[in-house]
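A.B. asks: The structure is given below, and queries will be raised subsequently.
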Amino acid sequence: MNAATLLLTPWRAAPSGARWMVVVFYLLTCLVATAIAVFGHTATTWLAVSLTYGLGLFAPWAFLFPGAALLAKDARQLRIPRLERLAILALPAYAVAMLALPAAVFAALGWPLVKPMLVWTLVMAGAFAFALLPRYVTVFCGFLPTLGNALAPGWVRLFPHAGSWPTWTIALLVLLLIMIGWRWHGFIRGRISEQGWSSPMVVQLRYGSWGAWSQMQATGRLSLMIGKGGGQVDGCGPSRPIRSLRMALGGWYTPRSWLHHVQQMGIMLVLISVPVGALLLAHLHDGGASSRMSGSALLGAVFGFAAMASPLVCLLSWVWLSRRWQRVNMELPMLALLPGLGSNAMRKRNLLRAALTRPLVAHAACLGVGLIGCHWLTRVTPLIGVQVVAITIGALATTGLMLDILGGKPHSLWTVAPLLGAVFVLQNVGLVVTAMLGSNHAPAHSTTMLAVLMAGWILLAGWATRLALAGWRALETRLQPFVANPA
Amino acid sequence: MDASLLTIQPGSAEPIYRQIVEQLRRLIAGGQLGAGDLLPSVREVAAFHAINPMTVSRAYGMAESEGLLARLRGKGMAVAATTRPTQTQAQRLALLEPQLEALSRHARELELPADVVLRRLGRLLEN
Amino acid sequence: MNALLQDAHERFDPPLAARGLGHGYEGATVLRCINLDVAPGSVLGLIGRNGAGKSTLLRALLGLLEPTTGEARVFGTPALAMDDTVRQRIAYVPQQPEALAWLTVEQMFDYLSRFYPSWNHAFASDTLARWQLPENKLLGKLSPGERQRVELVRALSSEPDLLVLDEPAAALDPVARRELLREIALRAGEAGITVLFSTHIVSDLERVASEIAFLHEGRLLLHCPVDDTKERYARLWLPARLASSTPTSTLSRRSHADGSVSVVVERDAHGRWPEAHAQPGVRLDVLGLEDLFVEIAE
């Protein structure tokens, strides 16, 4: 066992796409940190540098090094103790290296050492725990900052003698390490399943970028369902072709019983109640003094949701449908040969209605949430306009991408990612620009910015329309619509 | 007779229908099947051995044309009452054809002269 | 009169037909100019090595893909433009089926039975019970073998006139395989349904197939009654000194290290083997289907 093998082991254990992204991200933050160190001349430069570096540490410890857990598990199952040892030893080796190098720089510059190192260790442990904890815990990780903010003032009151922050940081670190040890132990011995909601996030690395999630979707585990399948076959049949097609498209298309919808709503409410509860707690705590602040936090949450949700709807619809249309042994041959769905022209029409209705309704729902957000603002007309335009373009992009799949001309991630990126960026830029326009001290160039935004939107709308038209024409020429697109 | 009396070897170089005819011939010659014994229906044989019913029909048809079996109205196939006299000598010789072909091929491969083989065969036939 | 004509029309249209069928993905040709007629009531076994294009051929025949050349017809109508009356008569089970993973077995049967007018509910529930398939388990949680058995029961329950199975026996244990073969054989023999199945398990094919087709590198090398393969074809082995007198029309030819040659030959119209077999030192071996397959496909 030499140093090179040791250092290369976690690298080899991660999927190639993930490792390059992680390394680029890490090096980028290192560069930014160096730049801050070189050009920053304030008293707190060290703090900025250490926080930037801490941010960079998150990616490898959440997405690259946890691969060692998979390797250790496989090595144990294949009875290769040397490899298992290697996978375990590589982790402290990297941890020490990633701590010692910047620490040496800090020491050379005469900056404080202990606190940054504590923060970095905390970030590494936190990221690693994030990868090993069950999925249902990680879902809540997104709410942690809000929760932390809300609880921060109450914290001191609850624990008046908690001491200075290094003390509880160390306590938290110990807690994280214990959790990591416990999950690691269970995982590599096969006691923790690799499937379902209690599987650790790291399993994701086994299947590349989308694999595990879409597999969970395919087997129906992602839909948080209780009981059998959740799908409701009653009402399907030749007399209701669209409902029948939705059943065969699966996922969020599946027609479900009312009971199921109620259960889903319940789960959603529980999920939403966490951040809302946190805000409420903060609100009660300081007796309305910060009500303006939590109000704007809520507003930000609403708009943030609207801006995120629309591209996400687009992405998820595309992923789901393109997977269905890639496989030749799933529902496509069944649908192609299923009698009772009418002529080929009717099949195409009904398929379009079945496949597009849900995503378009979801886009409309995003718009609805955005409009609710507008309710709290004073000058709403431009904001409503921006929301409508942005979501329309999102819906257009979804339609285009899905038509291309159905027409047999599916796009790869290389088209989809820039398209959705553009949708996302323009939507957020739109929100920022209108917020600035609506504020009392509008910047001088706001009109120019609006013009640029409009131009961007027109270009994007043109692109999405072109995709949609190409897909539509391709679908028109298809004799029957249930033909798989070879992967 | 029961369908289980037959054995089918799908992998053999001999087609299944010939395997069936051959076995019927042997069963009749060996006395396990007597004149008038009913044979299992095509369906029974096909279902028992998971083989194509058409193969079984073909075998039964061939056995019938050879005079081994006779079709009884409403009852199916039965072993024919008299098998010998219905067949001409030529027909009976035709049954021997595959073995004769194989014999002559082997003889050629061993580079044995025809008269030597014939003499030996003649002696075997006389015994 | 019209009905009579249509009846006659249906009787003479082969359940499956291909004319010049060709297909390729991204420059690689998978099928080359396939001409095939599957006669009503026949059980056609499609045999070929992995990657020979069997699955693609089955899918092209049923209109599940758009071929690059040629055309496939199902009961006389173009496969890509079938109407519901034709669809009712077909059942197809893909290799490693994974459809409707989010439904339970029971739900899947409930769902599909709504579309097939002649669905046999009794057969479905009987066979599911007999094959020990749990009715209220999610399809996605079944083992591959169970999943395939469910699909086979599904296909048979719709009482099809044409049954197309892609590697039906691959995930079945010997007992289940035998049961499936029995079902296929009896349905073909009694209900007169047409069956097309692909396999590389030759013994299955020999039991139930009435016809056999060899697919090799996208080409249909041989299509004949299954008994013919044993009676009409043989392997001819020629020693090195006679290698030059190899018959010209052979199905396959292999040269061995010692200079000898073995070829697969066919009887001529009068049932005779090619001239060469009579020469001294030449050996003629009648082949089982498996050996014939290996000879041709190698």
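The values are calculated or read from the model by the stated rules, or taken from the named source; none is laboratory data. Small disclaimer: the values here were computed from a predicted structure and weren't measured. Please note: Cβ atoms are built from the backbone with ideal geometry, for glycine as well, and neighbour counts cover all protein chains shown.
A.B. asks: Within segment C:73-84, identify whether any single residue is under 16 Å from C:V164 (Cβ atoms), among the small types (G, A, S) and modelled with pLDDT of 90 or more, and answer yes or no.
C.D. replies: Scanning segment C:73-84 turns up at least one residue that is under 16 Å from C:V164 (Cβ atoms), among the small types (G, A, S) and modelled with pLDDT of 90 or more.
A.B. asks: Kindly provide the set of residues from segment B:43-52 that are facing chain C (nearest Cβ under 8 Å), assigned to a helix (DSSP H, G or I) and surrounded by fewer than 23 Cβ atoms within 10 Å (Cβ to Cβ), ordered by number.
C.D. replies: B:R43, B:A47
A.B. asks: Please enumerate the residues belonging to segment C:267-280 that are surrounded by 14 or more Cβ atoms within 10 Å (Cβ to Cβ) and either more than 29 Å from the chain's Cα centre (by Cα) or not aromatic (F, W, Y) (or both).
C.D. replies: C:R267, C:P274, C:A276, C:H277
A.B. asks: I would also like to ask the following. Residues of segment A:339-373 being of a type outside the set (G, A, S), surrounded by 22 or more Cβ atoms within 10 Å (Cβ to Cβ) and under 25 Å from the mean Cα position of the chain (by Cα), which ones?
C.D. replies: Scanning segment A:339-373 gives A:P359, A:H363, A:C366.
A.B. asks: So, in segment C:15-31, how many residues would count as being more than 14 Å from chain A (Cβ to nearest Cβ) and buried (at least 17 other Cβ atoms within 10 Å of the Cβ)? Give the derivation first.
C.D. replies: Residues of segment C:15-31 more than 14 Å from chain A (Cβ to nearest Cβ): C:17-22.
Still in the running and buried (at least 17 other Cβ atoms within 10 Å of the Cβ): C:17-18, C:21-22.
So the count comes out to 4.
A.B. asks: Being over 30 Å from C:F197 (Cβ atoms) and in contact with a Pro (Cβ under 8 Å, 6 or more places away or on another chain) is the filter; apply it to segment C:211-248 and report the residue that is surrounded by the most Cβ atoms within 10 Å (Cβ to Cβ). I'd like the intermediate steps shown before the answer.
C.D. replies: Residues of segment C:211-248 that are over 30 Å from C:F197 (Cβ atoms), as a first pass: C:236-248.
Adding the requirement that they be in contact with a Pro (Cβ under 8 Å, 6 or more places away or on another chain) leaves C:236, C:247.
Values: C:L236: 21, C:P247: 16.
Once the filter is applied, the top-ranked residue is C:L236.
A.B. asks: Could you say whether any residue in segment B:25-35 is more than 17 Å from the chain's Cα centre (by Cα) and either at pLDDT 80 or above or within 14 Å of another protein chain (Cβ to nearest Cβ) (or both)?
C.D. replies: For segment B:25-35, residues more than 17 Å from the chain's Cα centre (by Cα) and either at pLDDT 80 or above or within 14 Å of another protein chain (Cβ to nearest Cβ) (or both): absent.
A.B. asks: Take the residues of segment A:339-363 that are small (G, A, S) and closer than 30 Å to C:A91 by Cα: which is farthest from the other protein chains (Cβ to nearest Cβ)?
C.D. replies: Here is the first cut: in segment A:339-363, the residues small (G, A, S) are A:340, A:342-343, A:345, A:354-355, A:362.
Right, trim to closer than 30 Å to C:A91 by Cα and you get A:340, A:342-343, A:345, A:354-355.
Numbers: A:G340: 4, A:G342: 7, A:S343: 7, A:A345: 11, A:A354: 15, A:A355: 16 Å.
Ranking the qualifying residues of segment A:339-363, first place goes to A:A355.
A.B. asks: Go through C:N136, C:N120 for me and flag whichever is surrounded by fewer than 21 Cβ atoms within 10 Å (Cβ to Cβ), within 13 Å of chain A (Cβ to nearest Cβ), polar (S, T, N, Q) and touching a residue at least 12 places away in the same chain (Cβ under 8 Å).
C.D. replies: C:N136
A.B. asks: Next question. For C:V264, only one of the following conditions fails: (1) in contact (Cβ under 8 Å) with a residue 24 or more places away in the chain; (2) part of a loop (DSSP other than H, G, I, E, B). What is its number?
C.D. replies: Here C:V264 meets the rest and fails (2).
A.B. asks: Filter segment A:222-247 down to the residues that are assigned to a helix (DSSP H, G or I), out of contact with any Phe, Trp or Tyr (no Cβ under 7 Å at 6 or more places or on another chain) and either at pLDDT below 90 or within 9 Å of chain C (Cβ to nearest Cβ) (or both) and list them by number.
C.D. replies: Answer for segment A:222-247, where residues must be assigned to a helix (DSSP H, G or I), out of contact with any Phe, Trp or Tyr (no Cβ under 7 Å at 6 or more places or on another chain) and either at pLDDT below 90 or within 9 Å of chain C (Cβ to nearest Cβ) (or both): just A:S244.
A.B. asks: Among the candidates B:V79, B:V56, which residue alone is more than 14 Å from every other protein chain (Cβ to nearest Cβ), among the aliphatic types (A, V, I, L, M) and closer than 17 Å to B:E22 by Cβ?
C.D. replies: Exactly one of B:V79, B:V56 is more than 14 Å from every other protein chain (Cβ to nearest Cβ), among the aliphatic types (A, V, I, L, M) and closer than 17 Å to B:E22 by Cβ, namely B:V79.
A.B. asks: Inspect segment B:73-93 for any residue being among the small types (G, A, S), in a helix (DSSP H, G or I) and surrounded by 15 or more Cβ atoms within 10 Å (Cβ to Cβ) and give the result as yes or no.
C.D. replies: no
A.B. asks: Here's something else I'd like to know. Within the set of pairs 6+ apart or on separate chains, which have a first residue in segment A:5-28 that is of a type in the set (F, W, Y), a second that is in a helix (DSSP H, G or I), and C-beta atoms under 7 Å apart?
C.D. replies: Sorted first by the residue in segment A:5-28, then by its partner, the pairs are A:W11/A:R19; A:F25/A:G56; A:F25/A:A59; A:Y26/A:G56; A:Y26/A:A59; A:Y26/A:P60.
A.B. asks: Then there is this: Which one of these is more than 10 Å from chain A (Cβ to nearest Cβ), within 15 Å of A:P333 (Cα to Cα) and within 26 Å of the chain's Cα centre (by Cα): C:L156, C:L163?
C.D. replies: On the way: C:L156 fails: within 15 Å of A:P333 (Cα to Cα).
Going through C:L156, C:L163 in turn, just one is more than 10 Å from chain A (Cβ to nearest Cβ), within 15 Å of A:P333 (Cα to Cα) and within 26 Å of the chain's Cα centre (by Cα): C:L163.
A.B. asks: In addition: If C:E295 satisfies every condition in (1) charged (D, E, K, R); (2) within 25 Å of the chain's Cα centre (by Cα); (3) surrounded by fewer than 17 Cβ atoms within 10 Å (Cβ to Cβ) but one, which is the exception?
C.D. replies: Failing condition for C:E295: (3).
A.B. asks: Right, next: Residue under question is C:S158, and the condition is that it be surrounded by fewer than 18 Cβ atoms within 10 Å (Cβ to Cβ), hydroxyl-bearing (S, T, Y) and either at pLDDT 90 or above or over 17 Å from A:L337 (Cβ atoms) (or both); does it hold?
C.D. replies: Judged against the criteria, C:S158 is not a match.
A.B. asks: Got a sec? Which of A:S193, A:S198 is touching a strand residue (DSSP E or B) at 6+ places or on another chain (Cβ under 6 Å) and either more than 19 Å from A:I88 (Cβ to Cβ) or modelled with pLDDT of 55 or more (or both)? Don't jump to the end; show me each part of the working.
C.D. replies: On the way: A:S193 fails: touching a strand residue (DSSP E or B) at 6+ places or on another chain (Cβ under 6 Å).
It is A:S198.
A.B. asks: Here's another thing I want to ask about it. Scan segment C:148-206 residue by residue and report those that are hydroxyl-bearing (S, T, Y) and over 20 Å from C:D37 (Cα atoms).
C.D. replies: Within segment C:148-206, C:S157, C:S158, C:S203 qualify.
Here's the yes/no breakdown for (1) assigned by TED's automatic domain parsing to the domain that holds A:F58; (2) free of Cβ contacts under 8 Å to residues at least 60 places away in the same chain; (3) not small (G, A, S):
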position	(1), (2), (3)
A:A75	yes, yes, no
A:P81	yes, yes, yes
A:A87	yes, no, no
A:Y94	yes, no, yes
A:L101	yes, yes, yes
A:L109	yes, no, yes
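A.B. asks: Which one of the conditions (1) of a type in the set (A, V, I, L, M); (2) touching a Phe, Trp or Tyr at 6+ places or on another chain (Cβ under 8 Å); (3) buried (at least 21 other Cβ atoms within 10 Å of the Cβ); (4) more than 9 Å from chain B (Cβ to nearest Cβ) does C:I184 fail to meet, given that it meets all the rest?
C.D. replies: Of everything listed in (1) of a type in the set (A, V, I, L, M); (2) touching a Phe, Trp or Tyr at 6+ places or on another chain (Cβ under 8 Å); (3) buried (at least 21 other Cβ atoms within 10 Å of the Cβ); (4) more than 9 Å from chain B (Cβ to nearest Cβ), C:I184 misses just condition (4).
A.B. asks: Is it the case, given these coordinates, that A:A336 is small (G, A, S), crowded, with 18+ Cβ neighbours inside 10 Å, in contact (Cβ under 8 Å) with a residue 60 or more places away in the chain and more than 14 Å from every other protein chain (Cβ to nearest Cβ)?
C.D. replies: No: the conditions fail for A:A336.
A.B. asks: Restricting attention to segment B:17-33, and to residues there that are of a type outside the set (K, R), assigned to a helix (DSSP H, G or I) and out of contact with any strand residue (DSSP E or B) (no Cβ under 8 Å at 6 or more places or on another chain), which single residue is surrounded by the fewest Cβ atoms within 10 Å (Cβ to Cβ)? Show your work before the answer.
C.D. replies: We begin by selecting, within segment B:17-33, every residue of a type outside the set (K, R); these are B:17, B:19-24, B:27-33.
Add one more test, that the residue is assigned to a helix (DSSP H, G or I), and what stays is B:17, B:19-24, B:27-29.
Now drop any that are not out of contact with any strand residue (DSSP E or B) (no Cβ under 8 Å at 6 or more places or on another chain), which leaves B:17, B:19-23, B:27, B:29.
Working: B:Y17: 22, B:Q19: 19, B:I20: 23, B:V21: 21, B:E22: 14, B:Q23: 17, B:L27: 19, B:A29: 11.
Once the filter is applied, the top-ranked residue is B:A29.
A.B. asks: Any idea how many residues of segment A:18-27 are within 21 Å of the chain's Cα centre (by Cα) and at pLDDT 90 or above? It would help to see each step written out before you state the result.
C.D. replies: Taking segment A:18-27 and keeping what is within 21 Å of the chain's Cα centre (by Cα), we get A:18-26.
Among the residues that remain, those that are also at pLDDT 90 or above are: A:26.
Qualifying residue count, segment A:18-27: 1.
A.B. asks: Can you tell me which of (1) closer than 24 Å to C:W119 by Cα; (2) within 13 Å of chain B (Cβ to nearest Cβ); (3) buried (at least 24 other Cβ atoms within 10 Å of the Cβ) is the one C:A169 doesn't meet?
C.D. replies: (3)
A.B. asks: Tell me which helices (runs of 4 or more DSSP H) are completely within segment C:4-118 and hold 2 or more residues being in the same structural domain as C:E167 (by TED's automatic domain parsing) and more than 30 Å from A:Y253 (Cβ to Cβ), or say none if there are none.
C.D. replies: In segment C:4-118, the matching helices (runs of 4 or more DSSP H) lie at C:54-61.
A.B. asks: Would you confirm whether or not segment C:71-94 contains a residue that is surrounded by fewer than 20 Cβ atoms within 10 Å (Cβ to Cβ) and more than 14 Å from chain A (Cβ to nearest Cβ)?
C.D. replies: Yes, because at least one residue in segment C:71-94 is surrounded by fewer than 20 Cβ atoms within 10 Å (Cβ to Cβ) and more than 14 Å from chain A (Cβ to nearest Cβ).
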